[in-house]
Amino acid sequence: MGEGHRATSMDALGRLTPEAFASAGKLPLRFVLDNLRSGLNVGSVFRTADAFRLEGIDLCGYTARPPHRDILKTALGATEHVSWDGHEDSVMAIRNLRAKGVRVWALEQASDSTTLEAWAPSPDERWAVVLGNEVRGCSEAVLNAVDGVLEIPQFGVKHSLNVSVAAGMVCWQAFRSMGAPKAG
């Protein structure tokens with residue numbers, strides 16, 4: 001490291017213990033993982049949910065659930081304190097969240113979508129963002145069940161991002177709009 005940059009101990013960074021995480025305030029956002037193929041991606045989303053202190057994750061369809069070894073490999077312990085629920089059906093999970101007053105949006109390339117930078121979620125509302133399958137994205141049934149669609153502008157050849165990268169971008173935009181989670 002260059003002069004003026006010093007390594008900082010984890011204690012000095014003010015990191016929460018897993019016990020403190022449980023009672024700490026959360027960013028009013030959760031992810032709904034819709035039939036993700038890769039346990040490694042699921043584990044990465046757990047790590048991101050930990051970093052931004054999200055309300056939780058809904059694991060739907062055939063999305064792997066902890067303690068799957070690939071999830072544990074990339075989650076690095078986040079599955080022990082990030083809240084999660086398993087659901088057989090993504091659309092039913094979305095309907096249940098909406099019935100609880102959660103605004104549910106999908107992250108997908110679609111007509112009438114809102115670009116991620118224009119999304120300004122309020123910290124006074126609860127939000128969920130559906131992340132679709134790595135190959136097929138969000139199904140038509142999911143898109144019909146949500147309140148809106150977010151889209152990350154892309155300018156390359158592939159026009160797709162790894163789902164865990166996209167999750168991080170959604171969290172960053174939510175943080176920019178809502179601010180840091182409250183103390184608790």
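Nothing in this text is a laboratory measurement; each read-out follows from the coordinates by a stated rule. Nothing here was measured: the structure is a model prediction, and the numbers come from that model. Cβ: placed from backbone, ideal geometry, glycine included. Neighbour counts: every protein chain shown.
Here K158 is the anchor, and the lysines within straight C-alpha reach of less than 28 Å, apart from those fewer than 8 places off in the same chain, are K73. Sparse packing (at most 10 other Cβ atoms within 10 Å of the Cβ) combined with a DSSP loop state is found for the following trypsin sites (Lys or Arg not before Pro) in the stretch 49-133: K100.
Expressed as an acute angle from 0 to 90° and rounded to the nearest 10, what is the orientation of the C-alpha long axis of helix 163-178 relative to the principal long axis of the chain? Here the helix axis deviates by roughly 70 degrees.
Ordering 75-85, 16-26 by mean Cβ neighbour count within 10 Å, with the highest value first, yields 75-85, 16-26. The string of couplings for the stretch 136-145 from the Karplus curve (6.51, -1.76, 1.60, θ = phi - 60°) is 8, x, 7, 6, 4, 4, 5, 4, 6, 8 Hz, one whole number per residue in order, with x for Gly and Pro. Charge tally for A118 (other residues, Cβ to Cβ under 13 Å; Lys, Arg +1; Asp, Glu -1): -2. The residues neighbouring C60, those whose beta-carbon lies less than 11 Å from its own, together hold a net charge of -4 under the Lys/Arg +1, Asp/Glu -1 convention. Karplus-derived 3J(HN,Hα) values for the stretch 146-156, using 6.51 cos²θ - 1.76 cosθ + 1.60 with θ = phi - 60°, are 8, 7, x, 10, 9, 9, 8, x, 9, 10, x Hz; glycine and proline are entered as x.
With only Cα atoms counted, the chain has Rg and Dmax values of 16.5, 55 Å.
Counting only aspartates and glutamates at least 8 places from K26 when in the same chain, those with an alpha carbon closer than 14 Å to its own are D50, E55, D124, E125. When both bridge partners sit in the chain, DSSP labels roughly 5% of those beta bridges antiparallel.
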